[in-house]
Structures are given as structure tokens and as C-alpha cells.
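Here is the structure we will look at, set down as C-alpha cells.
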Amino acid sequence: MITAVADAGSTEGGSVYELSGATLLPGLIDTHVHLGWHFDRETGRLHSGTSIDGPQERVLYAAENGWNMLLSGVTTVQSVGGPEDVPVRDAIDHGSLPGPRVLTSIRPVTAGTGDPDDIRAHVDEVAVAGADVIKIFASESIRVGGGPTLSQEQLGAACGRATELGLRAVVHAHGPESARRAALAGCSQIEHGALLDRATLELLAERGLYYDPHIHLIFDNYFANAERYIGIGNYTEEGFAQMDAAVPVALETFREALTVDGLDIVFGTDAVAGAHGHNWKELVYRVEEGGQDPMAAIISATSLAAESLGMDNTLGTVEAGYAADLIAVAGDPTADIRSVEHVVFVMRAGRVYRYDP
């Protein structure tokens, strides 16, 4: 924990890290990653239901992904999510494994979960299993059009039960109808939202939902690793064409969202296999292509992201009483957002994991 913010030279007897020319920031918070997604060692392709990797290997890959993100300056992640997250989260919490603080949904609510009663039972089950957040798939993938998949009643059951249990509910929703239903159901946050219109964005603001758009890293990573994805599930040539067409649409939606009064836009990347440790690219794109103010982008990945997690009294701020999650980047990111690529110092929970003076 941070005990004080003091003038340089006034901490006699303490450890000193020379960070001249760098900017000290709270550790970055990524509100949407997939900690366990990886490319199989044998094939080099995305891990899937036909892969030979077992649960133990998935846990090790999740730990590796966490380490890569920590070194890049991400000190807290919300993973949405898989069962392999749990042992990694717990080992990091116990101090026996280096990595970012992990929050996980464990298993999501989907159309296949069932009727409202089935969905409430599912939420109870993952809560007992230790979920920190409830993940809900309320729409199709953008690769197959992004249409709604859950009814108003199903979403009401999922988000209502989460609220009763004191858990947040984050919702995969690409199009206006699925996002509108989620807002009316009292959910906490909309993920992706690439196809949202202004009326829906304004409804999110009115209802107090956070908006977590993913407009660059996810697409860029898929295109760079296309041969490692195509042929698995809905990763088809047609699906990749749909994603390519969605890139300018998602960018324009983000630009529109920036103009909506009262809409809280948080930082998330949807980091999947191949993307962990490159989370900073999303921030750079938001500023350079999306037109977001650099300081607003930094806030979206620190104090505002912490608020969206319900942890704004412990994370996201450099102040006495907050967790000692600190990073330093070479240069000034408010003048040049690309400074976030050049991380020279990482501390999480008071322990230093990177120091490149």
C-alpha cells in the first residue's frame, strides 16, 4: 500500500528508484482480457476443443499471459474468462506467482445456458465457484453479424441475480438491441458495442452503464495471426471479411461515443491469443485514430477502470491508502501517447517486477 506521496529526497532509509525522464502512473487496468487463450505448442494454432493441451497446460499459458501483461504495465486484468483463471488468480493473490491482479468470470452466460431459471442457477453456481464478475453473451460474434441472442427476460434474470449477489454483470453486445436490453436489465457494462448507434450510447449514459469498446488490438491481432485462427469455429474466411468491414464502423462508433455526455468509456482490449502484452496498442489507437484526449485515455485505463470494477477506493490512483500498483513510462504520455509502449518500471502490490533505469 502507498503510505505517503513525498518530495524527492525526503524518504531517507527507503529504497530509491531513479526514474528521471519518465512519467509515474498508476498501473494500467484492462477490463476485458481472455487470460487463458493461447496457441497450442504442437500446432501453433488457437487452442480449441480438439486440442491436446490439458487443464494443466492451460493454467501455465494463462500464467505466461499474465506475466507478459504485467511487464507491459498492466497490473490488473478482468478476464472474461475461463476456469484456468482461478488457480492463476489465487496463486498471484497468495504471492507465489508473479502477475497482474486477476478478476474472473470463470464461465459465461450464453443462449445455451437456458431459460431465466436456468440462468439464475448458473449465476449462483459461478458465484459459489468464486467468480468476481458475471459475463453474459447477449449477442452473436461480429463475425456472424452481431445480432441479439438473449431475450429481455433472460438478461433480466442474469443481471438481476448478479446484482442480488453483489456482483457486476458485463455484457458482450455488438448491436443496439442487445445493448438496449442489457441497459434495461440493469447490467453493469457493455463490451465491444461496435455497431451501437447514438441513441443506444445515450441510453447507456442515462442508465449509468460503462462502455468498453474494442476498436483496434483485437482486429489487428486477428489479422496478424489469421492462419492460426481460420478453420476453427466461426473463424472463417467470411468471418474475417466481416471483421475487416467492422473496423471503420467500430472506429466511428468510438468517435461518436466520445461526444456523448456522461458516457463512461473504460479501457479494455479483448486480448486473446497473440495479444497479451500488447495492450498498450489500444490506448495509442484510441488517441491517434479515435481522437480521444491523451489524459482521458490514461484515466480510462486507471481511475475510471478501477471505478468500473468497484475498486476505485483501492486502485487506479497514486495516493496514500491506495494499492502500490505503479508504473513508469519513458517520456510524457499526455504529450505523446506512444510513451505507454516504453515501460521502464513496474510495481504491483509494492513489489518491483521491472526496473530499466
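Values as computed for the structure displayed
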read-out: Region 226-242 residues that are surrounded by 13 or more Cβ atoms within 10 Å (Cβ to Cβ), paired with ones that are assigned to a loop (DSSP other than H, G, I, E, B) and of a type in the set (Lys, Arg) (beta carbon under 6 Å, 6 or more apart); value: 228/45
read-out: Within region 35-75, tally of residues that are in a loop (DSSP other than H, G, I, E, B), open to solvent by 20 Å² or more (accessible area, probe 1.4 Å) and in contact with a strand residue (DSSP E or B) (Cβ under 8 Å, 6 or more places away or on another chain); value: 4
read-out: Whichever residue in region 267-283 is open to solvent by 10 Å² or more (accessible area, probe 1.4 Å) and in a loop (DSSP other than H, G, I, E, B) and, among such residues, is farthest from residue 76 (Cα to Cα); value: 274
read-out: Pick from region 332-357, criterion under 18 Å from residue 70 (Cα atoms) and in a loop (DSSP other than H, G, I, E, B), ranking: least open to solvent (accessible area, probe 1.4 Å); value: 350
read-out: Yes/no for residue 289 being within 18 Å of residue 69 (Cα to Cα), touching a residue at least 60 places away in the same chain (Cβ under 8 Å), in contact with a helix residue (DSSP H, G or I) (Cβ under 7 Å, 6 or more places away or on another chain) and open to solvent by 50 Å² or more (accessible area, probe 1.4 Å); value: no
read-out: Scan of region 1-17 for residues that are more than 16 Å from residue 350 (Cα to Cα) and open to solvent by 90 Å² or more (accessible area, probe 1.4 Å), ordered by number; value: 7, 8, 12
read-out: Some residue of region 288-299 being closer than 15 Å to residue 75 by Cα and either in contact with a Gly (Cβ under 9 Å, 6 or more places away or on another chain) or hydroxyl-bearing (Ser, Thr, Tyr) (or both); value: yes
read-out: Candidates 157, 127, 138, 162, filtered to the one that is open to solvent by 20 Å² or more (accessible area, probe 1.4 Å) and of a type in the set (A, V, I, L, M, F, W, C); value: 127
read-out: Residue match in region 246-261 (condition: in a strand (DSSP E or B), β-branched (Val, Ile, Thr) and at pLDDT 95 or above); value: no
read-out: Residue in region 101-118 that is open to solvent by less than 10 Å² (accessible area, probe 1.4 Å), among the hydrophobic types (A, V, I, L, M, F, W, C), under 16 Å from residue 155 (Cβ atoms) and in contact (Cβ under 8 Å) with a residue 24 or more places away in the chain present; value: yes
read-out: Count of residues meeting criterion [over 17 Å from residue 266 (Cα atoms), outside any helix (DSSP H, G or I) and in contact with a Phe, Trp or Tyr (Cβ under 6 Å, 6 or more places away or on another chain)] in region 190-235; value: 1
read-out: Checking residue 329 against (1) in a loop (DSSP other than H, G, I, E, B); (2) open to solvent by less than 60 Å² (accessible area, probe 1.4 Å); (3) touching a Leu at 6+ places or on another chain (Cβ under 7 Å), the condition it does not meet; value: (1)
read-out: Given (1) under 18 Å from the mean Cα position of the chain (by Cα); (2) hydrophobic (A, V, I, L, M, F, W, C); (3) open to solvent by 60 Å² or more (accessible area, probe 1.4 Å), index of the condition residue 28 fails; value: (3)
read-out: Some residue of region 14-22 being touching a Ser or Thr at 6+ places or on another chain (Cβ under 9 Å), in a strand (DSSP E or B) and in contact (Cβ under 8 Å) with a residue 12 or more places away in the chain; value: yes
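The values are calculated or read from the model by the stated rules, or taken from the named source; none is laboratory data. Just so it is clear, the structure is predicted and the values come from calculations on it, not from any experiment. Cβ coordinates were reconstructed from backbone atoms using ideal geometry, including for glycine residues, and neighbour counts include every protein chain displayed. When the accessible area is computed, the model is the full protein with side chains, heavy atoms only, and any ligands, DNA or RNA have been set aside. Shrake-Rupley method; radii C 1.70, N 1.55, O 1.52, S 1.80 Å.
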